[in-house]
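Please read the structure below before turning to the comments.
The values are calculated or read from the model by the stated rules, or taken from the named source; none is laboratory data. From a predicted model like this one, the values you see are computed outputs, not experimental measurements. Every residue, glycine among them, receives a Cβ derived from its backbone with ideal geometry; neighbour counts consider all protein chains shown. The area values use the complete protein model at the heavy-atom level, side chains included, leaving out ligands, DNA and RNA. Shrake-Rupley method; radii C 1.70, N 1.55, O 1.52, S 1.80 Å.
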Amino acid sequence: MGAEASGGGPALRDLVREAEISLLECKVCFERFGHRQQRRPRNLPCGHVVCLACVAALAHPRTLALECPFCRRACRGCDTSDCLPVLHLLELLGSALRPAPAANRAAPSSPGAFTCHHAFGGWGTLVNPTGLALCPKTGRVVVVHDGKRRVKIFDSGGGCAHQFGEKGDAAQDIRYPLDVTVTNDCHVVVTDAGDRSIKVFDFFGQIKLVIGGQFSLPWGVETTPQNGVLVTDAEAGSLHLLEVDFPEGVLRRTERLQADLCHPRGVAVSWLTGAIAVLEHPRALGSGACGTTVKVFSASMQLIGQVDAFGLSLFFPSKITASAVTFDHQGNVIVADTCSQAVLCLGKPEEFPGASPAAEQLCRWPAQLKALSGRQTSPGKSVPAPQLAFSLPTSRPLSVWAFILRAEEPASLAKSHSNDH
């Protein structure tokens, strides 16, 4: 049947496509149903069908209680069952089905480009995510979002390994997270716009330190090679360096590195050169429009390069509005652009301005970008710098994803890596 369908005419192909969209997609995460465990279609008692991964994400971890995301009928995770008609339809259609959407997101391979290495998440898993970071020792991805538990930790396979940070007004709760970083000794640092504070947790979610009363609106946060913490203050227009004794939960020193920035948000540090990139969001006078400016400072805080949206427009065919900034392992500045829905390489700070696509049409609204760039994941071994773009996919504006992008390597270098392992 699968072979016959794949060779049929346009009408049959349209019918298969309609079945794929209407019947074979989970309407919560928009992933195609499948026979493997996480993608198996499950009947809710009300008659609606969602995948097993969404059942697990929606159910309470202890009581298994959940509400149908469509009709709000209450049930329990253990009350669900396999949807046999959908499983049978998957078998009948077979090879007539198109490759899964995640397989189509890879950008064309070209020198200096990135391809999609892995994608995970989906509606019901992440809600309005605002920041992400990587644990340098475990390689796990830490995301902050608007869910009931604000901090979510994913393993390398995209499964939720742990979550913490309840939504609430207590000092250890997180009201409105803006960004997150993970220190070299695996402490999680979150900027909270709700009470305008910075909160430090250990990797298991135990509160270690709350830094409040020192910032007007702490926004971006990043870890330095020396295990310090860089923080931007969007309202005060400043950049700060915090020195913290993380095991003891004590703030040792705060230093203001810059005081004349214009609504700074994102911040990144190059582990190769020590350079610091800051993403400003100045507003045009008399207009609600908001442009962006990337400023790069040396390790001694001397300005070594800057470029705004107008400067980039001279080299790139469309308007650029950067939403996040990071460095790659060679010291190039990388930004996520919401206008072209792409990840762009701006080159070395000394060579600004310039822009070339590193990955295109991966996402609808890229919200955050971080790199592993040389950070140690185990003694004597560093990661060869994949990039992570945290975003909304092009096909589904309500579905939330995390993409792992891996740099294309020359054949000779790739061969040497394989020989090393």
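Screening the range 255-274 for residues that are under 19 Å from Ala193 (Cα atoms) and not aliphatic (A, V, I, L, M) and picking the one that is least open to solvent (accessible area, probe 1.4 Å) gives Pro264.
Test Phe70 against the stated conditions and say whether it is more than 25 Å from Arg149 (Cα to Cα) and not hydroxyl-bearing (Ser, Thr, Tyr). The answer is no for Phe70. Screening the candidates Arg39, Arg73, Arg13, Arg17 for the property of being open to solvent by less than 50 Å² (accessible area, probe 1.4 Å) and either at pLDDT below 75 or not hydroxyl-bearing (Ser, Thr, Tyr) (or both) yields one hit, Arg39. Checking the structure you have, find out if any residue of the range 162-170 is surrounded by fewer than 19 Cβ atoms within 10 Å (Cβ to Cβ) and modelled with pLDDT under 85. Scanning the range 162-170, I find no residue that is surrounded by fewer than 19 Cβ atoms within 10 Å (Cβ to Cβ) and modelled with pLDDT under 85, so the answer is no.
Checked against (1) open to solvent by 30 Å² or more (accessible area, probe 1.4 Å); (2) within 20 Å of Pro264 (Cβ to Cβ), Phe215 passes all but condition (1).
Every residue in the range 238-250 that is surrounded by fewer than 17 Cβ atoms within 10 Å (Cβ to Cβ) and either touching a Phe, Trp or Tyr at 6+ places or on another chain (Cβ under 8 Å) or not aliphatic (A, V, I, L, M) (or both), please. Passing the criteria: Glu243, Asp245, Pro247, Glu248, Gly249. Of all residues in the range 44-61, those that are crowded, with 18+ Cβ neighbours inside 10 Å and over 20 Å from Leu126 (Cα atoms) total 1.
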